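Q: Take a look at this one; I'll ask things after.
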Amino acid sequence: MKKLFTNDHFFLASAFIAAIGTLFFNFVMIFLYTGTTQIFFVNMICAICALLVYFSYDAHAKNVMKGMMGALLMALLLKAMMMISYNSIPADTTFSYITLILSAVLFINHFLINGSRDPSPANVKLNQVTCIALAACRLVWDLMQLPYCANLLDSVSTVVLAVSWPFLYAVVVCVESRLDAYRTDRSAAGWTIDAGYPEEYDRTKNYESIK
């Protein structure tokens with residue numbers, strides 16, 4: 001999983017699939033249904049934050065990136081909470097609680113990872129597994145929704161959501177995985193909080209190697 005989440009193409013694809021898919025689903029919902037204003041704005045925040053996470057990482061804007069990751073995870077957690085009250089089919093209650101629990105795990109663990117300057121391979125691995133579990137949950141949940149869709153456009157948007165929504169989580173996990181690879185590399189080179197970087201350590205080169 002480490003190779004997947006540190007792959008440049010996967011990171012880029014995750015950001016754009018997440019944003020475009022979420023926006024498509026968003027506008028279909030506004031077109032088809034009333035009373036979806038709150039979810040509309042939460043989805044908009046998710047799509048914008050996903051793109052900003054990618055572009056801020058690419059621009060080495062670390063503080064912006066950290067803020068956007070936190071905002072994205074909070075928006076995803078709020079969306080998961082909102083989905084608990086959504087009861088269209090019998091499976092909704094079960095899958096909404098699973099999504100909420102997994103989203104909370106990823107949210108809490110994210111701050112455990114970033115609360116330390118040392119590598120956190122076990123925590124990063126947990127978020128990678130959680131992200132894949134969320135993808136599986138979303139896929140099964142949305143496939144179960146298909147027979148209840150009102151029309152073809154509704155069905156297409158449901159499939160798009162099933163594909164794109166997990167990538168919102170993946171954007172964050174990609175950054176976590178990359179930064180942890182960087183921390184692992186510098187620790188192996190002899191970096192410590194007290195001593196700092198060894199004289200021969202090329203920070204730019206090693207950062208670019210996992211960028």
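The values are calculated or read from the model by the stated rules, or taken from the named source; none is laboratory data. These numbers come from a predicted model, not from an experiment. Here the Cβ is made from the backbone with ideal geometry for all residues, glycine too, and neighbour counts use every protein chain on show. Note: accessible area is taken over every heavy atom of the protein model, side chains too, but ligands, DNA and RNA are not part of it. Shrake-Rupley method; radii C 1.70, N 1.55, O 1.52, S 1.80 Å.
Q: When you look at Ile45, is it open to solvent by 80 Å² or more (accessible area, probe 1.4 Å), over 20 Å from Asn109 (Cβ atoms) and among the aliphatic types (A, V, I, L, M), yes or no?
A: For Ile45, the condition - open to solvent by 80 Å² or more (accessible area, probe 1.4 Å), over 20 Å from Asn109 (Cβ atoms) and among the aliphatic types (A, V, I, L, M) - is met.
Q: Looking only at the stretch 97-107, count every residue that is open to solvent by 40 Å² or more (accessible area, probe 1.4 Å) and over 20 Å from Asp180 (Cα atoms) and tell me the total.
A: 3
Q: Considering every residue within the stretch 88-100, establish whether at least one is touching a Lys or Arg at 6+ places or on another chain (Cβ under 9 Å), farther than 19 Å from Trp165 by Cα and touching a residue at least 40 places away in the same chain (Cβ under 8 Å).
A: No.
Q: Right, here's the next one. Among the residues in the stretch 12-26, are any more than 14 Å from the chain's Cα centre (by Cα), open to solvent by 30 Å² or more (accessible area, probe 1.4 Å) and closer than 17 Å to Ala150 by Cβ?
A: So far as the stretch 12-26 goes, yes, one or more of its residues are more than 14 Å from the chain's Cα centre (by Cα), open to solvent by 30 Å² or more (accessible area, probe 1.4 Å) and closer than 17 Å to Ala150 by Cβ.
Q: For the stretch 82-96, give me each residue that is assigned to a helix (DSSP H, G or I) and open to solvent by 30 Å² or more (accessible area, probe 1.4 Å).
A: Of everything in the stretch 82-96, those that are assigned to a helix (DSSP H, G or I) and open to solvent by 30 Å² or more (accessible area, probe 1.4 Å) turn out to be Met82, Thr93, Thr94, Phe95.
Okay, residues lined up against (1) open to solvent by less than 60 Å² (accessible area, probe 1.4 Å); (2) in a loop (DSSP other than H, G, I, E, B):
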site	(1), (2)
Asn109	yes, no
Arg117	no, yes
Val129	no, no
Gln145	yes, no
Ser155	yes, no
